[in-house]
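For reference, the structure discussed in these notes is given below.
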Amino acid sequence: MRVKWIILFLLPAFTGFSQVPDSVALSLGDIFALAKANHPIIRQAKLQDDMAVAELLYTKGQFDPKVQSNYNVKNLNGTEYYQKFNNALKIPTWFPLDPKIEVYRNQGAYLNPESYVSSSQDYWQVAAGVSLPIGKGLFIDERRMLVTQARLYSGLAQAEKIKLINKTLLTISKSYWDWYLAYKKYELTSSAIEIAREVLARTQLDYGFGEAAVVDTIQAKITYQGRQTDFEKAKLELLQSQLALSIHLWSEEGIPLELSSGSFPVSEDSDFMVPSDSGFQTLVEWALNNHPDLQKLSTKRDQLEVEQRWNKESLKPELNLSYSLIDAPFNADGFESPDWENNYKLGVDFSIPILLRKERGKIQKNRVYQEQIEFEMSQTRLTLSNQLQSTYAELKTNQTLAQQFSNMSQGYRQLFEAEIFNLESGESDLFKLNIQQEKYIGAQIKALEALVKFEKMRYQLPYEVGLPYLSYQALYE
(Lines give C-alpha, C1' and ligand atoms only; values in the text may rest on other atoms or scores of the structure.)
Protein backbone atom coordinates (compact mmCIF):
# COMPACT_ATOMS: atom_id res chain seq x y z
CA MET A 1 0.00 0.00 0.00
CA ARG A 2 1.18 3.50 -0.79
CA VAL A 3 -0.10 4.64 2.63
CA LYS A 4 3.04 3.35 4.31
CA TRP A 5 5.30 5.85 2.55
CA ILE A 6 3.48 8.96 3.73
CA ILE A 7 3.32 7.66 7.33
CA LEU A 8 7.04 7.10 7.42
CA PHE A 9 7.55 10.57 6.01
CA LEU A 10 5.34 12.33 8.59
CA LEU A 11 6.40 10.33 11.64
CA PRO A 12 9.26 12.72 12.61
CA ALA A 13 6.83 15.65 12.52
CA PHE A 14 4.40 13.69 14.67
CA THR A 15 6.93 12.69 17.32
CA GLY A 16 8.72 16.03 17.49
CA PHE A 17 7.54 19.62 18.02
CA SER A 18 8.43 22.01 15.25
CA GLN A 19 8.88 25.70 15.86
CA VAL A 20 7.18 28.42 13.92
CA PRO A 21 9.63 30.72 12.09
CA ASP A 22 10.09 34.13 13.68
CA SER A 23 8.46 32.85 16.87
CA VAL A 24 9.40 33.92 20.39
CA ALA A 25 10.33 31.41 23.08
CA LEU A 26 9.09 32.39 26.54
CA SER A 27 10.36 30.57 29.60
CA LEU A 28 8.72 30.74 33.00
CA GLY A 29 11.74 32.75 34.15
CA ASP A 30 10.91 35.39 31.52
CA ILE A 31 7.32 35.56 32.74
CA PHE A 32 8.44 35.78 36.38
CA ALA A 33 10.86 38.61 35.59
CA LEU A 34 8.11 40.59 33.87
CA ALA A 35 5.64 39.91 36.67
CA LYS A 36 8.07 40.90 39.46
CA ALA A 37 8.62 44.24 37.76
CA ASN A 38 5.13 45.15 36.62
CA HIS A 39 2.41 42.89 38.03
CA PRO A 40 -0.16 45.06 39.90
CA ILE A 41 -0.57 42.61 42.79
CA ILE A 42 3.19 42.36 43.29
CA ARG A 43 3.44 46.14 43.14
CA GLN A 44 0.66 46.27 45.70
CA ALA A 45 2.53 43.80 47.89
CA LYS A 46 5.66 45.94 47.79
CA LEU A 47 3.58 48.81 49.20
CA GLN A 48 3.58 46.93 52.51
CA ASP A 49 7.09 48.25 53.10
CA ASP A 50 5.88 51.80 52.52
CA MET A 51 2.99 51.17 54.89
CA ALA A 52 5.39 50.03 57.61
CA VAL A 53 7.51 53.16 57.14
CA ALA A 54 4.39 55.34 57.26
CA GLU A 55 3.15 53.61 60.42
CA LEU A 56 6.47 54.18 62.16
CA LEU A 57 6.55 57.81 61.04
CA TYR A 58 3.01 58.27 62.36
CA THR A 59 3.82 56.94 65.81
CA LYS A 60 7.07 58.88 66.01
CA GLY A 61 4.95 62.00 65.55
CA GLN A 62 4.07 61.75 69.23
CA PHE A 63 7.66 62.81 69.96
CA ASP A 64 7.51 65.86 67.71
CA PRO A 65 8.20 69.18 69.45
CA LYS A 66 5.03 71.18 69.92
CA VAL A 67 4.51 74.94 69.95
CA GLN A 68 1.44 76.34 71.73
CA SER A 69 0.16 79.89 71.87
CA ASN A 70 -2.93 81.55 73.26
CA TYR A 71 -3.96 85.19 73.51
CA ASN A 72 -6.81 86.42 75.72
CA VAL A 73 -8.09 89.98 76.22
CA LYS A 74 -10.95 91.27 78.37
CA ASN A 75 -12.29 94.84 78.18
CA LEU A 76 -15.37 96.09 80.05
CA ASN A 77 -16.68 99.64 80.16
CA GLY A 78 -13.43 101.01 78.80
CA THR A 79 -11.33 99.16 81.36
CA GLU A 80 -8.81 96.56 80.26
CA TYR A 81 -9.26 93.77 82.77
CA TYR A 82 -6.40 91.71 81.41
CA GLN A 83 -4.34 90.93 78.38
CA LYS A 84 -2.56 87.57 78.44
CA PHE A 85 -0.25 86.21 75.76
CA ASN A 86 1.16 82.77 76.59
CA ASN A 87 3.55 80.67 74.50
CA ALA A 88 5.10 77.29 75.18
CA LEU A 89 7.52 74.91 73.48
CA LYS A 90 7.30 71.26 74.55
CA ILE A 91 10.01 68.81 73.49
CA PRO A 92 8.99 65.19 74.17
CA THR A 93 11.91 62.78 74.44
CA TRP A 94 12.29 59.01 74.42
CA PHE A 95 13.33 59.18 78.05
CA PRO A 96 10.56 60.38 80.36
CA LEU A 97 12.31 63.68 81.11
CA ASP A 98 10.40 66.23 78.98
CA PRO A 99 11.70 69.82 78.68
CA LYS A 100 9.31 72.74 78.39
CA ILE A 101 9.88 76.46 77.73
CA GLU A 102 7.15 79.03 78.43
CA VAL A 103 7.01 82.73 77.56
CA TYR A 104 4.35 85.03 79.06
CA ARG A 105 3.25 88.63 78.50
CA ASN A 106 0.53 89.52 81.00
CA GLN A 107 -0.94 92.91 81.91
CA GLY A 108 -4.22 94.49 83.01
CA ALA A 109 -5.97 96.22 85.86
CA TYR A 110 -7.65 93.08 87.19
CA LEU A 111 -5.01 90.50 86.33
CA ASN A 112 -4.82 87.51 88.65
CA PRO A 113 -1.90 88.19 91.00
CA GLU A 114 -0.47 84.77 90.15
CA SER A 115 -0.12 85.90 86.53
CA TYR A 116 1.30 89.34 87.39
CA VAL A 117 4.49 90.42 85.64
CA SER A 118 6.23 93.70 86.45
CA SER A 119 5.60 96.57 84.05
CA SER A 120 9.27 97.51 84.32
CA GLN A 121 10.03 94.47 82.18
CA ASP A 122 7.30 95.27 79.69
CA TYR A 123 5.21 92.53 81.26
CA TRP A 124 7.37 89.71 79.80
CA GLN A 125 8.37 86.58 81.69
CA VAL A 126 10.16 83.33 80.75
CA ALA A 127 10.00 79.94 82.49
CA ALA A 128 12.02 76.88 81.51
CA GLY A 129 11.70 73.51 83.18
CA VAL A 130 11.22 69.77 82.95
CA SER A 131 8.71 67.15 84.06
CA LEU A 132 9.53 63.61 85.20
CA PRO A 133 7.23 60.69 86.02
CA ILE A 134 8.70 58.65 88.85
CA GLY A 135 5.74 56.28 89.09
CA LYS A 136 3.64 55.18 86.14
CA GLY A 137 5.46 55.92 82.86
CA LEU A 138 9.01 55.91 84.16
CA PHE A 139 10.16 52.75 82.33
CA ILE A 140 7.57 52.68 79.53
CA ASP A 141 4.64 54.84 78.56
CA GLU A 142 1.96 54.67 75.89
CA ARG A 143 3.88 56.62 73.25
CA ARG A 144 7.01 54.48 73.65
CA MET A 145 4.84 51.37 73.48
CA LEU A 146 3.24 52.51 70.21
CA VAL A 147 6.58 53.33 68.60
CA THR A 148 8.01 49.94 69.58
CA GLN A 149 4.95 48.20 68.16
CA ALA A 150 5.28 50.21 64.95
CA ARG A 151 8.87 49.07 64.58
CA LEU A 152 7.73 45.48 65.00
CA TYR A 153 5.04 46.09 62.37
CA SER A 154 7.72 46.05 59.68
CA GLY A 155 8.14 42.30 60.28
CA LEU A 156 4.39 41.85 59.91
CA ALA A 157 4.39 43.85 56.67
CA GLN A 158 7.34 41.85 55.30
CA ALA A 159 5.57 38.55 55.98
CA GLU A 160 2.38 39.80 54.35
CA LYS A 161 4.35 40.98 51.32
CA ILE A 162 6.04 37.60 50.90
CA LYS A 163 2.73 35.75 51.16
CA LEU A 164 1.06 37.94 48.56
CA ILE A 165 3.97 37.80 46.11
CA ASN A 166 4.43 34.04 46.50
CA LYS A 167 0.74 33.39 45.94
CA THR A 168 0.82 35.47 42.77
CA LEU A 169 3.94 33.75 41.44
CA LEU A 170 2.48 30.31 42.18
CA THR A 171 -0.66 31.22 40.25
CA ILE A 172 1.48 32.43 37.35
CA SER A 173 3.52 29.21 37.35
CA LYS A 174 0.35 27.11 37.16
CA SER A 175 -1.02 29.24 34.34
CA TYR A 176 2.29 28.95 32.50
CA TRP A 177 2.38 25.16 32.70
CA ASP A 178 -1.27 24.97 31.65
CA TRP A 179 -0.25 26.99 28.61
CA TYR A 180 2.71 24.67 28.05
CA LEU A 181 0.44 21.61 28.14
CA ALA A 182 -2.16 23.20 25.84
CA TYR A 183 0.54 24.26 23.37
CA LYS A 184 2.09 20.80 23.23
CA LYS A 185 -1.33 19.15 22.80
CA TYR A 186 -2.06 21.63 20.03
CA GLU A 187 1.16 20.69 18.27
CA LEU A 188 0.46 17.02 18.82
CA THR A 189 -3.07 17.14 17.43
CA SER A 190 -1.90 19.38 14.58
CA SER A 191 0.65 16.78 13.52
CA ALA A 192 -1.89 13.99 14.00
CA ILE A 193 -4.46 15.67 11.80
CA GLU A 194 -1.89 16.09 9.05
CA ILE A 195 -1.13 12.37 9.20
CA ALA A 196 -4.84 11.51 9.14
CA ARG A 197 -5.41 13.81 6.15
CA GLU A 198 -2.58 12.28 4.15
CA VAL A 199 -3.65 8.73 5.10
CA LEU A 200 -7.19 9.49 3.95
CA ALA A 201 -5.94 10.91 0.64
CA ARG A 202 -3.62 7.97 0.02
CA THR A 203 -6.28 5.44 1.03
CA GLN A 204 -8.76 6.97 -1.40
CA LEU A 205 -6.06 6.88 -4.08
CA ASP A 206 -5.30 3.22 -3.34
CA TYR A 207 -9.03 2.46 -3.44
CA GLY A 208 -9.14 3.97 -6.92
CA PHE A 209 -6.36 1.59 -7.98
CA GLY A 210 -8.11 -1.34 -6.33
CA GLU A 211 -5.44 -1.73 -3.67
CA ALA A 212 -7.67 -0.82 -0.72
CA ALA A 213 -11.15 -1.83 0.36
CA VAL A 214 -13.97 0.63 0.76
CA VAL A 215 -13.97 -0.10 4.50
CA ASP A 216 -10.40 1.27 4.63
CA THR A 217 -11.53 4.61 3.20
CA ILE A 218 -14.39 4.75 5.72
CA GLN A 219 -12.00 4.00 8.55
CA ALA A 220 -9.52 6.61 7.32
CA LYS A 221 -12.29 9.21 7.06
CA ILE A 222 -13.57 8.50 10.57
CA THR A 223 -10.01 8.79 11.92
CA TYR A 224 -9.53 12.08 10.09
CA GLN A 225 -12.80 13.46 11.49
CA GLY A 226 -11.77 12.37 14.99
CA ARG A 227 -8.44 14.15 14.58
CA GLN A 228 -10.27 17.29 13.48
CA THR A 229 -12.40 17.16 16.62
CA ASP A 230 -9.32 16.73 18.82
CA PHE A 231 -7.60 19.59 17.02
CA GLU A 232 -10.50 21.99 17.56
CA LYS A 233 -10.59 21.13 21.27
CA ALA A 234 -6.83 21.62 21.54
CA LYS A 235 -7.06 24.95 19.75
CA LEU A 236 -9.73 26.15 22.19
CA GLU A 237 -7.69 24.98 25.20
CA LEU A 238 -4.64 26.80 23.84
CA LEU A 239 -6.59 30.04 23.44
CA GLN A 240 -8.03 29.77 26.95
CA SER A 241 -4.61 29.06 28.46
CA GLN A 242 -3.09 32.02 26.63
CA LEU A 243 -5.80 34.32 27.97
CA ALA A 244 -5.34 32.93 31.49
CA LEU A 245 -1.61 33.63 31.36
CA SER A 246 -2.04 37.04 29.72
CA ILE A 247 -3.88 38.22 32.85
CA HIS A 248 -0.48 38.34 34.56
CA LEU A 249 1.38 40.23 31.82
CA TRP A 250 1.71 43.98 32.28
CA SER A 251 3.92 46.71 30.91
CA GLU A 252 5.90 49.13 33.03
CA GLU A 253 3.23 51.76 32.36
CA GLY A 254 0.52 49.46 33.72
CA ILE A 255 -0.86 48.50 30.31
CA PRO A 256 -2.15 44.90 29.96
CA LEU A 257 -0.13 42.78 27.54
CA GLU A 258 -1.07 39.76 25.46
CA LEU A 259 0.87 36.74 24.29
CA SER A 260 1.71 37.08 20.61
CA SER A 261 0.50 34.39 18.25
CA GLY A 262 4.09 33.41 17.55
CA SER A 263 5.13 32.94 21.19
CA PHE A 264 5.56 29.47 22.62
CA PRO A 265 6.57 27.99 26.00
CA VAL A 266 9.82 26.19 26.66
CA SER A 267 10.95 23.90 29.43
CA GLU A 268 14.30 24.93 30.85
CA ASP A 269 16.56 23.93 33.71
CA SER A 270 16.08 26.02 36.83
CA ASP A 271 16.96 26.16 40.50
CA PHE A 272 13.68 24.48 41.37
CA MET A 273 15.16 20.99 41.53
CA VAL A 274 13.77 18.16 43.65
CA PRO A 275 15.70 18.32 46.93
CA SER A 276 17.23 15.27 48.55
CA ASP A 277 15.84 13.93 51.82
CA SER A 278 18.49 15.84 53.80
CA GLY A 279 17.83 18.96 51.74
CA PHE A 280 14.13 18.61 52.46
CA GLN A 281 14.83 18.50 56.20
CA THR A 282 16.71 21.77 55.80
CA LEU A 283 13.63 23.23 54.12
CA VAL A 284 11.40 22.05 56.96
CA GLU A 285 13.69 23.57 59.60
CA TRP A 286 13.81 26.85 57.68
CA ALA A 287 10.03 26.91 57.30
CA LEU A 288 9.40 26.26 60.99
CA ASN A 289 11.47 29.35 61.81
CA ASN A 290 10.81 31.70 58.90
CA HIS A 291 7.48 30.88 57.29
CA PRO A 292 5.44 34.08 56.74
CA ASP A 293 2.48 32.74 58.74
CA LEU A 294 4.76 32.04 61.70
CA GLN A 295 6.50 35.39 61.27
CA LYS A 296 3.16 37.17 61.45
CA LEU A 297 2.19 35.31 64.61
CA SER A 298 5.60 35.93 66.14
CA THR A 299 5.32 39.65 65.43
CA LYS A 300 1.85 39.81 66.96
CA ARG A 301 3.18 38.00 70.02
CA ASP A 302 6.03 40.51 70.37
CA GLN A 303 3.59 43.39 70.03
CA LEU A 304 1.42 41.89 72.76
CA GLU A 305 4.46 41.55 75.03
CA VAL A 306 5.24 45.25 74.59
CA GLU A 307 1.63 46.12 75.32
CA GLN A 308 1.70 43.92 78.41
CA ARG A 309 4.69 45.83 79.73
CA TRP A 310 2.67 49.02 79.51
CA ASN A 311 -0.37 47.33 81.09
CA LYS A 312 1.72 46.26 84.07
CA GLU A 313 3.28 49.72 84.27
CA SER A 314 -0.27 51.12 84.51
CA LEU A 315 -0.71 49.39 87.87
CA LYS A 316 1.68 51.92 89.37
CA PRO A 317 0.33 55.22 90.73
CA GLU A 318 0.85 58.36 88.72
CA LEU A 319 3.50 60.41 90.48
CA ASN A 320 4.85 63.26 88.36
CA LEU A 321 7.39 65.88 89.34
CA SER A 322 7.85 69.17 87.53
CA TYR A 323 10.24 72.06 88.01
CA SER A 324 10.46 75.32 86.09
CA LEU A 325 12.93 78.16 86.58
CA ILE A 326 11.33 81.58 86.25
CA ASP A 327 14.06 83.56 84.57
CA ALA A 328 12.74 87.02 85.37
CA PRO A 329 13.12 89.83 85.12
CA PHE A 330 14.75 90.40 81.75
CA ASN A 331 14.94 93.33 79.39
CA ALA A 332 16.38 94.42 76.09
CA ASP A 333 19.87 94.59 77.62
CA GLY A 334 19.83 90.86 78.30
CA PHE A 335 19.04 88.37 81.06
CA GLU A 336 20.00 88.76 84.65
CA SER A 337 21.39 85.86 86.67
CA PRO A 338 18.63 83.35 87.51
CA ASP A 339 17.44 83.28 91.08
CA TRP A 340 17.45 79.52 91.61
CA GLU A 341 16.18 79.71 95.20
CA ASN A 342 13.32 82.15 94.81
CA ASN A 343 12.19 82.23 91.15
CA TYR A 344 10.83 78.78 90.36
CA LYS A 345 7.72 76.67 90.06
CA LEU A 346 7.62 73.18 91.58
CA GLY A 347 4.80 70.68 91.18
CA VAL A 348 3.92 67.19 92.35
CA ASP A 349 0.93 65.30 90.89
CA PHE A 350 -0.35 62.05 92.35
CA SER A 351 -3.28 59.82 91.43
CA ILE A 352 -4.21 56.13 91.50
CA PRO A 353 -7.47 54.25 90.88
CA ILE A 354 -8.75 52.55 94.02
CA LEU A 355 -9.64 49.13 92.53
CA LEU A 356 -7.50 49.10 89.37
CA ARG A 357 -10.13 46.97 87.61
CA LYS A 358 -9.51 48.57 84.23
CA GLU A 359 -5.77 47.97 84.43
CA ARG A 360 -6.11 44.40 85.74
CA GLY A 361 -8.67 43.65 83.05
CA LYS A 362 -6.26 44.76 80.32
CA ILE A 363 -3.56 42.51 81.74
CA GLN A 364 -5.88 39.51 81.79
CA LYS A 365 -7.12 40.15 78.25
CA ASN A 366 -3.58 40.50 76.99
CA ARG A 367 -2.59 37.25 78.69
CA VAL A 368 -5.48 35.47 76.95
CA TYR A 369 -4.44 36.89 73.59
CA GLN A 370 -0.88 35.69 74.15
CA GLU A 371 -2.08 32.19 74.96
CA GLN A 372 -4.21 32.19 71.81
CA ILE A 373 -1.16 33.18 69.77
CA GLU A 374 0.91 30.37 71.32
CA PHE A 375 -1.79 27.79 70.57
CA GLU A 376 -2.11 29.08 67.03
CA MET A 377 1.65 28.94 66.51
CA SER A 378 1.79 25.34 67.73
CA GLN A 379 -1.05 24.35 65.42
CA THR A 380 0.50 26.23 62.50
CA ARG A 381 3.86 24.51 62.99
CA LEU A 382 2.23 21.07 63.06
CA THR A 383 0.05 21.82 60.03
CA LEU A 384 3.01 23.25 58.16
CA SER A 385 5.22 20.25 58.93
CA ASN A 386 2.57 17.77 57.82
CA GLN A 387 1.75 19.77 54.69
CA LEU A 388 5.42 19.90 53.70
CA GLN A 389 5.75 16.15 54.18
CA SER A 390 2.70 15.60 51.99
CA THR A 391 3.89 18.02 49.30
CA TYR A 392 7.38 16.51 49.22
CA ALA A 393 5.98 12.98 48.93
CA GLU A 394 3.67 14.09 46.13
CA LEU A 395 6.56 15.82 44.37
CA LYS A 396 8.73 12.72 44.42
CA THR A 397 5.81 10.56 43.29
CA ASN A 398 5.07 12.90 40.40
CA GLN A 399 8.74 12.83 39.45
CA THR A 400 8.60 9.03 39.25
CA LEU A 401 5.28 9.08 37.38
CA ALA A 402 6.56 11.64 34.87
CA GLN A 403 9.53 9.40 34.08
CA GLN A 404 7.36 6.30 33.85
CA PHE A 405 4.85 7.94 31.52
CA SER A 406 7.73 9.20 29.40
CA ASN A 407 9.09 5.65 29.15
CA MET A 408 5.62 4.35 28.30
CA SER A 409 5.31 6.96 25.57
CA GLN A 410 8.59 5.83 24.06
CA GLY A 411 7.36 2.23 24.20
CA TYR A 412 4.12 3.09 22.40
CA ARG A 413 6.17 4.93 19.80
CA GLN A 414 8.16 1.77 19.17
CA LEU A 415 4.93 -0.20 18.84
CA PHE A 416 3.58 2.41 16.43
CA GLU A 417 6.72 2.22 14.34
CA ALA A 418 6.57 -1.59 14.44
CA GLU A 419 2.98 -1.49 13.20
CA ILE A 420 4.09 0.70 10.31
CA PHE A 421 6.76 -1.87 9.52
CA ASN A 422 4.15 -4.65 9.65
CA LEU A 423 1.90 -2.64 7.35
CA GLU A 424 4.79 -2.26 4.93
CA SER A 425 5.35 -6.04 5.05
CA GLY A 426 1.69 -6.76 4.39
CA GLU A 427 1.14 -8.23 7.86
CA SER A 428 -1.11 -5.51 9.20
CA ASP A 429 -3.93 -3.23 8.12
CA LEU A 430 -5.10 0.33 8.60
CA PHE A 431 -7.39 -0.64 11.49
CA LYS A 432 -4.50 -1.97 13.58
CA LEU A 433 -2.39 1.04 12.65
CA ASN A 434 -5.07 3.42 13.91
CA ILE A 435 -5.28 1.54 17.19
CA GLN A 436 -1.55 1.87 17.76
CA GLN A 437 -1.66 5.50 16.74
CA GLU A 438 -4.47 6.19 19.22
CA LYS A 439 -2.50 4.52 22.01
CA TYR A 440 0.61 6.47 21.12
CA ILE A 441 -1.24 9.80 21.11
CA GLY A 442 -2.86 8.94 24.43
CA ALA A 443 0.51 7.99 25.91
CA GLN A 444 2.03 11.25 24.67
CA ILE A 445 -0.73 13.28 26.29
CA LYS A 446 -0.44 11.38 29.58
CA ALA A 447 3.33 11.93 29.55
CA LEU A 448 2.81 15.65 28.99
CA GLU A 449 0.18 15.86 31.74
CA ALA A 450 2.48 14.03 34.16
CA LEU A 451 5.35 16.34 33.26
CA VAL A 452 3.23 19.45 33.77
CA LYS A 453 1.91 18.20 37.12
CA PHE A 454 5.47 17.52 38.21
CA GLU A 455 6.58 21.01 37.15
CA LYS A 456 3.72 22.58 39.07
CA MET A 457 4.68 20.64 42.18
CA ARG A 458 8.27 21.87 41.90
CA TYR A 459 6.92 25.38 42.48
CA GLN A 460 4.37 24.25 45.04
CA LEU A 461 7.10 23.08 47.42
CA PRO A 462 8.92 26.44 47.85
CA TYR A 463 5.50 28.07 48.15
CA GLU A 464 4.58 25.75 51.02
CA VAL A 465 7.99 26.42 52.63
CA GLY A 466 7.39 30.17 52.34
CA LEU A 467 10.61 30.99 50.49
CA PRO A 468 10.56 34.61 49.25
CA TYR A 469 9.85 34.81 45.51
CA LEU A 470 9.73 30.97 45.48
CA SER A 471 13.53 31.04 45.37
CA TYR A 472 15.86 28.75 47.27
CA GLN A 473 18.31 31.65 47.46
CA ALA A 474 16.83 32.60 50.86
CA LEU A 475 18.41 29.45 52.33
CA TYR A 476 21.92 30.81 51.70
CA GLU A 477 21.42 34.36 52.94
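The values are calculated or read from the model by the stated rules, or taken from the named source; none is laboratory data. Predicted model only: the values in this text are computed from it and were never measured. Heads up, the Cβs are rebuilt from the backbone with ideal geometry, glycines too, and the neighbour counts pull from every protein chain shown.
Going by what's in this entry, would Ser390 be described as in contact (Cβ under 8 Å) with a residue 40 or more places away in the chain and not charged (D, E, K, R)? If you could, list the steps in order and put the result at the bottom.
Working: in contact (Cβ under 8 Å) with a residue 40 or more places away in the chain: no; not charged (D, E, K, R): yes.
Spelling it out, it is not the case that Ser390 is in contact (Cβ under 8 Å) with a residue 40 or more places away in the chain and not charged (D, E, K, R).
All but one of (1) out of contact with any Pro (no Cβ under 6 Å at 6 or more places or on another chain); (2) at pLDDT 95 or above hold for Tyr180; which doesn't?
Tallying (1) out of contact with any Pro (no Cβ under 6 Å at 6 or more places or on another chain); (2) at pLDDT 95 or above, Tyr180 fails exactly one: (1).
So, in segment 30-59, how many residues would count as being loosely packed, with under 13 Cβ neighbours inside 10 Å, in contact (Cβ under 8 Å) with a residue 12 or more places away in the chain and either closer than 26 Å to Ser267 by Cα or of a type in the set (Val, Ile, Thr) (or both)?
Residues that pass the stated criteria total 1.
Considering every residue within segment 416-428, establish whether at least one is small (Gly, Ala, Ser), assigned to a loop (DSSP other than H, G, I, E, B), surrounded by 13 or more Cβ atoms within 10 Å (Cβ to Cβ) and assigned by TED's automatic domain parsing to the domain that holds Tyr472.
Yes, there is a match, as at least one residue in segment 416-428 is small (Gly, Ala, Ser), assigned to a loop (DSSP other than H, G, I, E, B), surrounded by 13 or more Cβ atoms within 10 Å (Cβ to Cβ) and assigned by TED's automatic domain parsing to the domain that holds Tyr472.
Answer with yes or no whether Ser190 is part of a helix (DSSP H, G or I) and within 21 Å of the chain's Cα centre (by Cα).
no
When you check Leu395 against the structure, is it buried (at least 17 other Cβ atoms within 10 Å of the Cβ), in contact (Cβ under 8 Å) with a residue 24 or more places away in the chain and part of a helix (DSSP H, G or I), yes or no?
Values: buried (at least 17 other Cβ atoms within 10 Å of the Cβ): yes; in contact (Cβ under 8 Å) with a residue 24 or more places away in the chain: yes; part of a helix (DSSP H, G or I): yes.
Against the criterion (buried (at least 17 other Cβ atoms within 10 Å of the Cβ), in contact (Cβ under 8 Å) with a residue 24 or more places away in the chain and part of a helix (DSSP H, G or I)), Leu395 qualifies.
Suppose we filter segment 206-260 for residues that are surrounded by fewer than 13 Cβ atoms within 10 Å (Cβ to Cβ), touching a helix residue (DSSP H, G or I) at 6+ places or on another chain (Cβ under 7 Å) and closer than 28 Å to Ile195 by Cβ; how many remain?
1
Based on what the data block shows, is Leu384 under 30 Å from Thr299 (Cβ atoms), in the same structural domain as Ser276 (by TED's automatic domain parsing), surrounded by 12 or more Cβ atoms within 10 Å (Cβ to Cβ) and in contact (Cβ under 8 Å) with a residue 60 or more places away in the chain? Steps first, please.
Values: under 30 Å from Thr299 (Cβ atoms): yes; in the same structural domain as Ser276 (by TED's automatic domain parsing): yes; surrounded by 12 or more Cβ atoms within 10 Å (Cβ to Cβ): yes; in contact (Cβ under 8 Å) with a residue 60 or more places away in the chain: yes.
Criteria met by Leu384.
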